[in-house]
Structures are given as C-alpha cells and as structure tokens.
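For reference, the structure is listed below as structure tokens.
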Amino acid sequence: MIEPNLFNIVFVIPILNLLVFLYKGFYLLKIPGAFGFAIIGLTLIIRLLLNPLFKSQMETAKKMQELKPHLDKLSQKHKNDPKTLQKKQLELFKQHKINPSTGCLILIIQFPIFIALYQALSFFLINQGKKVVNEINKVVYFSFLKINEIDSWFFGFDLAKSPSQVNIWYYYLIPLVTALLQYWQFEFMQQPKSKKIDKKDEEKKEKENNNDDFQKLMNIQIKIIFPIMIGWFAYTLPIGLSLYWNIFSLSSIIYYQKLNKNFYEKN
C-alpha cells in the first residue's frame, strides 16, 4: 500500500504516475516490452531534469583542476600550518567563485529522487498481482491512466525477477554489465586533466602532495568497491531496477564524455 505521507506525495506518486503514463502509452501502441521502454523513458526524463546539476558539478571539477597548481603551492607553503592553509584555500575558492560543497549539494538533491525512483519501481516489480494493480490505480491522477495488468517481460527478460532467482545464464550478464558501467562512469566523472600538463610533471607534483595516498585510497574504494556493490545489488534485485540504473549510467557516461571533450578542446 502506498501511504499518503509527504515523501510519497511529493516524490513517489508523481514518478509512479509518469511511469504509468509511459507504460500505458507504449502498451497502447502495441510496442513489445512496453514496461521496459517505460523504465528507459522515465530514466532519460529524470536524467534530463538533473542535467543542470551534473553540468554544475563538472564545471566545478574543471575549475578545481585549473586551480590545482595553485593549491599545490599553498599546500607546500603552509604544510605545517593547517589553519592558514585552509584559510588561503577558501580565499582562493572565493576569488574564483568556486563552491567546494557543490558536489555534496548535488548528491543531497539527487538522493530523495533516487529513493523515490527505487520505491516506485519496486512497487511495480517486487510486488505483483491484482492487488498491486488496484493500489496503483488508486494513486494515478487521471482515470485514463488506470491499468489492468503489468507485463514485466522485456526482450526475453522478466523485469520482475532477479538473476539470483532465475537459473538462466544470460541473466547473470546483468550484474556484470551493471558493475562495468558503474566503473566506466566513475572514469568519466574524474576531474578532466588538461593535455598541456606534462605527465612527468604531474606525477612529480602528486608525489609531493601529502594527501595523495589518502586520495588514491578513496579513489580505489569508489572505483572498485562501489561497482562491485552495485553489481551485487543487480544480482539480488529485480532486473527492472538494473535497467534503470544502467540506462542512467550510460546516459551519464555519454554526457561526461561530451563535457570532457569540450574541456580538452579549450585546453
């Protein structure tokens, strides 16, 4: 049952209505795998709405990369005085109109949207049957959006089943693809590096930076552990959720690739 609480009213129910609208449209057009295409359509719409946030994140990352030589000098100059170092860094950020907390803000804004998407998709996929259809029909905004059934098949995959539930070999490709896309996405999310910077000089500067070991450790954790964790979720959760996650990752990779290319052309 979908409780009429504030979170559901603001996030879950609108997303659920959009998903039903797309599903009903594809279904009436007699397009095979209507529910799968509805998930893809919903993912792309959400990704498009979040584009300004991702653009802001990438612009901040580019500015931080441009300031890296100055930050390295400050770190070297004030390495024994953390308070002064922090003060000088904040002054530098303010001078160049950079807000280091932008990345955290973007994550905070995205979090309720992702939770709502997960809940809406879970409601369709994890719960099945006439009872669920009735519950969905109670929260749709318009009577023409009411549905009679949920066809969860999408090109040979049952979107309501997880790979751990189905003993078919190609289902096991889903968590593998999901993990690889997460790894690839992280690669493109890295701060773009100007081609003008010599690799040897960059390696030398990195060795001089006292924070490198910690940063490298964090990068390894995000780069390796996070994709493995997402791959495990893809193994245990319905494939419909993996479809959403993979389309979102793929569209993000294309977007980051485009932004990185523009950055390289300017540098």
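Derivation of every value follows stated rules applied to the coordinates shown; laboratory data play no part. Quick caveat, the model's predicted, so the values are computed rather than measured. Every residue, glycine as well, gets a Cβ built from its backbone with ideal geometry; the counts of neighbours run over all protein chains shown.
I'd like the chymotrypsin sites (Phe, Trp or Tyr not before Pro) in segment 16-82 restricted to DSSP loop residues with at most 11 other Cβ atoms within 10 Å, sorted by number. Could you put the intermediate results ahead of the total?
Values: sites: Phe21, Tyr23, Phe26, Tyr27, Phe35, Phe37, Phe54; in loops: none.
Filter output for segment 16-82: empty list.
Add +1 for every Lys or Arg and -1 for every Asp or Glu among the other residues with Cβ under 13 Å from the Cβ of Asn137, and state the total. Don't skip to the end; give the middle numbers.
On the way: positive: Lys24, Lys130, Lys131, Lys138, Lys146; negative: Glu135, Glu149.
Surrounding charge for Asn137 is +3.
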- Query: Across segment 4-15, in residue order, what do the Karplus-derived ³J(HN,Hα) couplings come to in whole Hz, using 6.51 cos²θ - 1.76 cosθ + 1.60 with θ = phi - 60° and x for Gly and Pro?
  - Reply: x, 8, 4, 4, 5, 5, 7, 10, 5, 5, x, 5
- Item | Those chymotrypsin sites (Phe, Trp or Tyr not before Pro) in segment 122-192 that DSSP places in a loop and that have at most 13 other beta carbons within 10 Å | Tyr141, Phe142, Phe155
- Message: With the cut-off at 20 Å, tell me which of the pairs Lys88/Lys223; Lys63/Lys97; Lys77/Lys97; Lys63/Lys94 have Cα atoms farther apart than that.
- Response: Lys88/Lys223; Lys77/Lys97
- Between Phe154 and residues 5 or more places away or on another chain, the pairs with built amide H atoms under 5 Å apart involve Leu159
